[in-house]
Amino acid sequence: MKGKMTWESPSNIALVKYWGKKDNQIPCNPSLSFTLSNSITTTSCDWEVRPHSSYEFLFEGHPNEKFGSRVEKYFNSLKEELPFLNSIFLRIDTKNSFPHSAGIASSASSFSSFALILTKLEEIIEKKTFNEDSFLKRASHLARLGSGSACRSLFGPACAWENELFGTPIKAHPVFNTYKDTIVVIDQGVKAVSSSQGHALMNNHPFASNRYEMARENYKKSINFLQKGDCASLGEIMEQEALMLHGLMMSSPTPYVLMKPSTLNVITKVQNFRKEKGIPVYFTLDAGPNVHILYPQEFEGEIEKFIKDNFGNFPIIFDKVGDGPNLKDFELF
Ligand code: PMV
């Protein structure tokens, strides 16, 4: 039995942040995100059932040891849950539509694309029956085991991770179906402290229990604002969440700062522009210095001019909210 398939899967940007986890990628608080549209990983897989397992990993068509060993570790960790991984040849070739370290979570789009491949293989080889919902739920669960926030990339336009094991689509007000996310790439360097180290620092964080309590409240409020289409109230929470995430880093047992001076410059200008114009434009940050600027599509002309005029010396990525993954190619030989 052999075949091939290609999946496209998007990244996502958290509005309420997942920061702090228990064993097996169980989050310490619920989180909420917008699924992106242009920031995607495309992963192709050639596969064949064989007596033993062997994998080949290519990143943008070339072998990449660091990437290969992380994915191999992920596949090996799933052998009990997915027995077909003990007797299969897989050639995985993956590429991102966005530059590496551009402030877009490539682990979310990558691991969700791998999880979709694994779920499809489970359907074919283990003869598991899925409908569309249970297929994506299973893929979300498997994606979570690779990178927590990846479980939110399976559903668009908004996805909640409240059930600890997988993400759930959130029905949002239509204004959010076309919401824009423009990313000002302040710095593309490797972060001094990785997200896994950051999660670990939450274990002994003096503010951990207050943070989790606050995240639960912000999560509940955000779901309500998302459904009502209240961009301003959602935006206020989004900015508080971004600054709280970085505040947690700066107050952790080993304190660190991932923002750069230009990060502060961008967020101050966004806030001033909002006040001046009365337009609901808000920022958020991932675990890095780059700034995501979010706004309704109806204001794109004015806001994009402001962004280009003020931050045009940095690389800028124009993205928007999207619907989730796509199966691009599928063949059984
Ligand atoms: O999924 P991880 O382990 O890379 O953690 C992601 C953490 C943040 O991006 C900072 C927040 C989030 O909810 O996506």
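Results, tabulated for the structure shown:
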item	result
Over segment 278-333, relative contact order from alpha-carbon pairs under 8 Å, at least 6 apart, %	21
Per principal axis, descending, Cα span of segment 33-192 in whole Å	50, 37, 24
Integer Hz, Karplus 6.51/-1.76/1.60 couplings in order for segment 159-171, x for Gly and Pro	9, 9, 10, 10, 5, 4, 8, 7, x, 9, x, 10, 6
Approximate shape of the chain as ellipsoid semi-axes (Cα gyration tensor, √5λ), whole Å, largest first	34, 21, 19
Reciprocal of mean inverse Cα separation for segment 1-71 (Kirkwood radius, Å)	15.4
Stretchable slack from Lys220 to Glu81, in nm (0.36 nm times residue separation minus alpha-carbon distance)	46.8 nm
Cβ-based net charge around Met259, under 14 Å, with every Lys or Arg adding one and every Asp or Glu removing one	-1
Label-point gap, in nm, between Lys277 and Val257 - each point 7 angstrom along Cα→Cβ	2.9
Percentage relative contact order, the chain, counting C-alpha pairs under 8 Å, at least six apart	27
Ordering of 24-34, 73-83 by packing [mean C-beta count within 10 Å, highest first]	24-34, 73-83
Antiparallel bridge percentage (DSSP; both residues within the chain; nearest 5)	90
Amide H partners (placed H, <5 Å) of Asp319, local residues excluded	Asp181, Thr182, Ile183
Of the GluC sites (Glu not before Pro) in segment 164-266, those whose Cβ has at most 16 other Cβ within 10 Å and which sit in DSSP loop	Glu164
Peptides ranked, highest mean first, by Cβ atoms within 10 Å: ranges 125-138, 273-286, 190-203	273-286, 190-203, 125-138
Förster-model FRET efficiency, 45 Å R0, Met1 and Lys22, C-beta, rounded to 0.05	0.75
Set Lys127/Lys328; Lys137/Lys171; Lys269/Lys308 screened for pairs whose C-alpha atoms are more than 19 Å apart	Lys127/Lys328
Charge context of Ser97, other residues only, Cβ under 12 angstrom, K/R +1, D/E -1	-2
J(HN,Hα) series, segment 113-119, from Karplus relation 6.51 cos²θ - 1.76 cosθ + 1.60, nearest Hz, glycine and proline x	5, 5, 5, 5, 4, 5, 5
Protection proxy ranking, peptides 15-22, 141-148, 322-329, average beta carbon neighbours within 10 Å, highest first	141-148, 15-22, 322-329
Rounded FRET efficiency, nearest 0.05, which uses the C-beta distance separating Ser209 from Ser53 and R0 of 45 Å	0.60
For Asp309, solvent-accessible area (1.4 Å; no DNA, RNA or ligand), Å²	100
In order through segment 120-125: 3J(HN,Hα) via Karplus (6.51 cos²θ - 1.76 cosθ + 1.60), integer Hz, x for Gly, Pro	5, 5, 4, 4, 6, 7
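The values are calculated or read from the model by the stated rules, or taken from the named source; none is laboratory data. All of these numbers come straight from a predicted model, not from anything done at the bench. Every residue, glycine among them, receives a Cβ derived from its backbone with ideal geometry; neighbour counts consider all protein chains shown. Accessible surface areas use protein heavy atoms only, side chains included; no ligands, DNA or RNA. Shrake-Rupley method; radii C 1.70, N 1.55, O 1.52, S 1.80 Å.
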